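The block underneath contains the structure these notes are about, expressed in structure tokens.
The values are calculated or read from the model by the stated rules, or taken from the named source; none is laboratory data. Source: prediction; values computed, not measured. Here the Cβ positions follow ideal geometry from the backbone for every residue, glycine too, while neighbour counts run over all protein chains shown. Ligands, DNA and RNA are stripped out before the accessible areas are found, and what is left, the full protein with its side chains, is counted by its heavy atoms. Shrake-Rupley method; radii C 1.70, N 1.55, O 1.52, S 1.80 Å.
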Amino acid sequence: MSITKAYAAYDAASPLRDFELERRAPGPHDVQIEILYCGVCHSDIHQVRNEWGGSIYPMVPGHEIVGRVTAVGAHVKKFKVGDLAGVGCLVDSCRECPKCREGLEQYCENGSVGTYNAYERDGKTVTYGGYSKQIVTTEDFVLKVSEKLDLKAVAPLLCAGVTTWSPLRHWKVGKGHKVGVLGLGGLGHMAVKFAASFGAEVTMLSHSPSKEADAKRLGAHRFALTSNPDILSQLTGYFDFIINTVSAPHDYGTYLNLLNTNGVMICVGAPPEPAQVAVFSLIMQRRSIAGSLIGGIPETQEMLDYCAEHDIVADVELIDIRDINNAYERMMRGDVKYRFVIDLATL
């Protein structure tokens, strides 16, 4: 066991503050990582504030973790001390069910283990995330990180990146497809980068005219102001896919009508309230509304390798750990371009 400095939420209402936790000594199959950077995900806020229910306190958030390996177990084969490595949203699963054997650990039939705010497979040990100085994780859930890329900008790929990569790859989005990306935030900016990189025509759908220049800088070919009914009317039936990244309550029907026949709206944002969908907006053009959850370990590694090859990272703003509470408030206002990343040297 080792005592590790961290930042934690002690309840749903109080500011995050200093905390100490115990990390296990690395076992035969474990990798110990000194955390250098950790991205700040909107789901951190949802869970810290218990908006999804079931929050476990004290809670150390953070599942976009990158750092350097400081110790490995005797049977570890893929990592050595000094390697760069990452940990995403999961730290374990049953590894035996059909989903796990397929590399879709996020859908584990026996329950995957979240990097924080979860219980290990023993059912009693709480997991603590990346707002901390180090983490110990089984080798099977550690990702290789390239030395080629800006490490702090790699961190958000472990959630925001793979959350958009996974559905784009699953639906084989690419050249010849028209893709709308709803919402330009942490998820949206990665969806734009990936969809454009895959050869699709990308349109940013946003209610903020100030985001047009950034959307096009990120790779969007078109920009549509969603607060303008005339513009939306012109896009009726236009898209093959819409990547919906919005995590606040909104009208799904407005955007479903922008889909062509057989079009799919893929929801990766998670609003705290149930979606309201008129069935006729689906059946009249055989449209679908679907969801996608993060990504499995193999596809996360595939994404990281692709990003290293194509020089793709997140747009980030580096912050001191002591600015995290202010960062949460700024995120709620949409005041970040496009992902906060904590410099753990400040802890």
Strands (runs of 3 or more DSSP E) within the range 51-133 that include 3 or more residues more than 30 Å from Pro249 (Cα to Cα): 65-72, 84-87
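Conditions (1) over 23 Å from Leu184 (Cβ atoms); (2) surrounded by fewer than 16 Cβ atoms within 10 Å (Cβ to Cβ); (3) out of contact with any Leu (no Cβ under 9 Å at 6 or more places or on another chain); (4) at pLDDT below 95, marked per residue:
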| residue | (1), (2), (3), (4) |
| --- | --- |
| Cys267 | no, no, yes, no |
| Pro274 | yes, yes, yes, yes |
| Arg286 | yes, yes, yes, no |
| Glu299 | yes, no, no, no |
| Glu302 | yes, no, yes, no |
| Tyr306 | no, no, yes, no |
| Ile312 | no, no, no, no |
| Asp343 | yes, yes, no, no |
Name the pairs: first residue in the range 1-21 and of a type in the set (Asp, Glu), second residue open to solvent by less than 100 Å² (accessible area, probe 1.4 Å) and modelled with pLDDT of 95 or more, Cβ to Cβ under 8 Å, at least 6 apart or on different chains? Asp11/Tyr57; Asp18/Ala6; Asp18/Tyr7; Asp18/Ala8; Glu20/Thr4; Glu20/Ala6
Leading residue by the ranking (least open to solvent (accessible area, probe 1.4 Å)) among those in the range 58-79 that are of a type outside the set (Asp, Glu) and in contact with a Pro (Cβ under 6 Å, 6 or more places away or on another chain): Gly73
Filter result for the condition that a residue is out of contact with any Lys or Arg (no Cβ under 9 Å at 6 or more places or on another chain) and basic (Lys, Arg), over Lys148, Lys78, Lys144: Lys148
Among the candidates Lys148, Lys172, which residue alone is part of a loop (DSSP other than H, G, I, E, B) and free of Cβ contacts under 8 Å to residues at least 40 places away in the same chain? Lys172
Selected residue (only one of Ser93, Ser55 is surrounded by fewer than 19 Cβ atoms within 10 Å (Cβ to Cβ), closer than 26 Å to Ala9 by Cβ and of a type outside the set (Val, Ile, Thr)): Ser55
What is the residue count in the range 1-19 for residues that are in a strand (DSSP E or B) and either touching a Ser or Thr at 6+ places or on another chain (Cβ under 6 Å) or not β-branched (Val, Ile, Thr) (or both)? 10
Has the range 143-165 got any residue that is under 21 Å from Cys267 (Cα atoms), open to solvent by 20 Å² or more (accessible area, probe 1.4 Å) and assigned by the TED database to the domain that holds Thr254? no
I'd like the full set of residues that are of a type in the set (D, E, K, R) and either surrounded by 20 or more Cβ atoms within 10 Å (Cβ to Cβ) or within 17 Å of the chain's Cα centre (by Cα) (or both), limited to the range 314-341. Asp315, Glu317, Lys337, Arg339
Across the range 166-204, which residue is surrounded by the fewest Cβ atoms within 10 Å (Cβ to Cβ) among those that are polar (S, T, N, Q) and either more than 21 Å from Thr236 (Cα to Cα) or under 20 Å from the mean Cα position of the chain (by Cα) (or both)? Ser197
Checklist (1) closer than 16 Å to Lys337 by Cβ; (2) surrounded by fewer than 19 Cβ atoms within 10 Å (Cβ to Cβ); (3) modelled with pLDDT under 95 applied to His207, failing item: (1)
Say we look at the range 28-50 and pick out the residues that are open to solvent by less than 20 Å² (accessible area, probe 1.4 Å) and under 24 Å from Lys77 (Cα atoms); which of these is nearest to the chain's Cα centre (by Cα)? Ile35
The lone condition Glu102 fails out of (1) farther than 22 Å from Val60 by Cα; (2) surrounded by 21 or more Cβ atoms within 10 Å (Cβ to Cβ) is (2)
